[in-house]
Amino acid sequence: MDYFFFPKSVAVVGASRTPGKVGYELLRNLIEFYKGTIYPVNPATDEVLGLKAYPSIKAIPDKVDVAVISVPADKVAEAAVDAGEAGVKGLIVISGGFKEVGPEGAERERKLVEVVRKYGMRLIGPNCVGVYVPKSGMNTLFLPRTRQGFPPDGRIAFISQSGAFGSAVLDWAALRGLGISKFVSYGNKADVDDDDLLEYLRDDPDTKVITMYVEGVEDGKAFLKSLKETTPVKPVVILKSGRTEAGARAASSHTGALAGQDVIYDAAFKQSGVIRAYGMEELFDMGLALAFQPPAAGDRVAVLTAGGGSGVMATDALSDLGLKVPKLSDDTVSKLRRVLLPIASPYNPVDVTGSARDEHFLESVEILMRSGEVDAILWLPYYIIPGVTEKLNVEFVKRVNSINKELPHPIPVVGVATGGQYTSKYSAEAESLGIPMYISPERAAKAVKALVSYGKWLIKSGTYEEYIRRFYS
């Protein structure tokens, strides 16, 4: 399915000259982002947005890899036949009006799939916003850039059954500066479904973590099989909606999804090593941690903080999630005492206090990582304290990475940076260096939990060592 994400040419069926229409905004985004050749298709005009327009796909003199279709639902099958006869490989059908609207729409969708099968094409949609790939510029969203943010290239793939939710997540990711490798909104998933995308992304070198918004699946056994084949290779984080009876009803009217009993999905996720999220922030908080930090080999967490209160809150948050914040051995406490200020607390949490300097964080993290007593570290640096310099992040990350290369089981580090403009600047820097940063201990604790859960799954699957080797390659 690589042509969906890296096509050499794209035709837009339903390209419009009217601002605000889907066919106009979609074409404009493609022109702005996409690096290949674009062919507008509109039988009523010779030109759209400065590009030569064609009356049909068959009239285009060159080969077309992907056709993006945005015409009324009753005209989609006709456009699909035209694409099939022209040798198009893939269709992305933006148009709604299919099984999500009832029996008549379901029949329309069945006929569309029939055409797709006849000509050996693949189909994303219908009733979707398609794909966004920063690396290739493939962008079939129809929301104007003045209203929609588009994140940079990154390590996290995001699959969404909902186009609107997917667009909102992209907007939020862009605001946060969170990179995306592939975004796919598949709507009714009449052809390309969760299993196909999991298989593709499992082997995608640009994707480190797969995140998904799922309303329901058609073939539960096939989905479970795909998940079990994927999670030993890459982490999968899923936000499953339709958990309640009312939510399941809403999902059915939205994309025609059969949401099913939530207890079944929950059991399937646990059996297949999926990490479950219960909200948008959780989905990407977990995804971010898994993309940048190695999975933990155990559930023992050290808290390294410059603020006592935050250390207590972090300890509570970790404990609430079933993680251990162990008492450190006398030997480790003694080593910490030798490098910390007399007023510091060398226990767990390790509180270096507001009088700390850079070296107190650096020496403490090394002692903790080499102690053999912890499997992950939750770091609360408090950039605003006077003794911390602008060099802390660089030196801290360098120290952590250097030690992790020597350890048999690397120790992930997750950070918390609560504060204003000054703090945000250095928090963003730390994240750019590879340590995910969160605005509260509670969110960071959930990210640590994801790293622990995934590490436990890899060890159970017997693939931990291989995953770590690939993670650092």
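The values are calculated or read from the model by the stated rules, or taken from the named source; none is laboratory data. Computed from a prediction, not measured in an experiment: that's the story for all the values here. Note: ideal-geometry Cβ built from the backbone for every residue, glycine included; neighbour counts use all protein chains shown.
Couple of notes before you dig in:
- Some residue of segment 168-182 being closer than 21 Å to TYR265 by Cα and in a loop (DSSP other than H, G, I, E, B): no
- Output for segment 396-420, where each listed residue is closer than 11 Å to MET369 by Cα and assigned to a strand (DSSP E or B): VAL413
- Tally of residues being closer than 22 Å to VAL88 by Cβ and exposed (fewer than 15 other Cβ atoms within 10 Å of the Cβ) across segment 13-45: 4
- Some residue of segment 41-49 being free of Cβ contacts under 8 Å to residues at least 60 places away in the same chain and closer than 19 Å to VAL129 by Cα: yes
- Among helices (runs of 4 or more DSSP H) entirely within segment 185-266, having at least 3 residues that are at pLDDT 95 or above and more than 18 Å from the chain's Cα centre (by Cα) singles out 220-230.
- Test: residue in segment 399-406 that is surrounded by 15 or more Cβ atoms within 10 Å (Cβ to Cβ), on the phi < 0 side of the Ramachandran plot and small (Gly, Ala, Ser): no
- Test result for ALA59, out of contact with any Pro (no Cβ under 7 Å at 6 or more places or on another chain), of a type outside the set (Asp, Glu) and surrounded by 23 or more Cβ atoms within 10 Å (Cβ to Cβ): no
- Selected residue [farther than 16 Å from ILE124 by Cβ, aliphatic (A, V, I, L, M) and free of Cβ contacts under 8 Å to residues at least 24 places away in the same chain] from ILE60, ILE38, ILE31: ILE31
- Residue within segment 394-415 that is within 25 Å of LEU175 (Cα to Cα) and among the acidic types (Asp, Glu) present: no
- Contact annotation: residue pairs with Cβ atoms under 8 Å, 6 or more positions apart or on different chains, pairing a residue in segment 319-335 that is of a type in the set (Val, Ile, Thr) with a partner that is assigned to a helix (DSSP H, G or I), are VAL325/THR315; VAL325/LEU318; VAL325/SER319; THR332/ILE367; THR332/LEU368.
- Matching entry among GLY420, GLY415 (being among the small types (Gly, Ala, Ser), free of Cβ contacts under 8 Å to residues at least 40 places away in the same chain and under 25 Å from LEU239 (Cβ atoms)): GLY415
- Scanning segment 198-232 for residues that are touching a residue at least 60 places away in the same chain (Cβ under 8 Å) and either touching a strand residue (DSSP E or B) at 6+ places or on another chain (Cβ under 8 Å) or surrounded by fewer than 17 Cβ atoms within 10 Å (Cβ to Cβ) (or both) gives ASP206, LYS208, VAL209, THR211, TYR213.
- Single residue of segment 349-376 satisfying the filter (in contact with a Phe, Trp or Tyr (Cβ under 9 Å, 6 or more places away or on another chain) and not hydrophobic (A, V, I, L, M, F, W, C)) that is nearest to LYS405 (Cα to Cα): ASP358
- Of ILE343, ILE384, all but one fail to be touching a helix residue (DSSP H, G or I) at 6+ places or on another chain (Cβ under 8 Å) and either touching a residue at least 12 places away in the same chain (Cβ under 8 Å) or closer than 30 Å to ASP262 by Cβ (or both); the exception is ILE384.
- Candidates in segment 5-23 are the residues that are more than 29 Å from the chain's Cα centre (by Cα) and of a type in the set (S, T, N, Q); of these, the one that is farthest from SER56 (Cα to Cα) is THR18.
- Failed condition for GLY137, given (1) of a type in the set (Gly, Ala, Ser); (2) modelled with pLDDT under 95; (3) not assigned by TED's automatic domain parsing to the domain that holds PHE223: (2)
- Segment 278-395 holds helices (runs of 4 or more DSSP H) entirely within its bounds, and those carrying 2 or more residues that are over 33 Å from the mean Cα position of the chain (by Cα) map to 330-339, 358-370.
- Subset of segment 107-156 that is among the β-branched types (Val, Ile, Thr) and more than 21 Å from the chain's Cα centre (by Cα) - its residue that is surrounded by the fewest Cβ atoms within 10 Å (Cβ to Cβ): THR146
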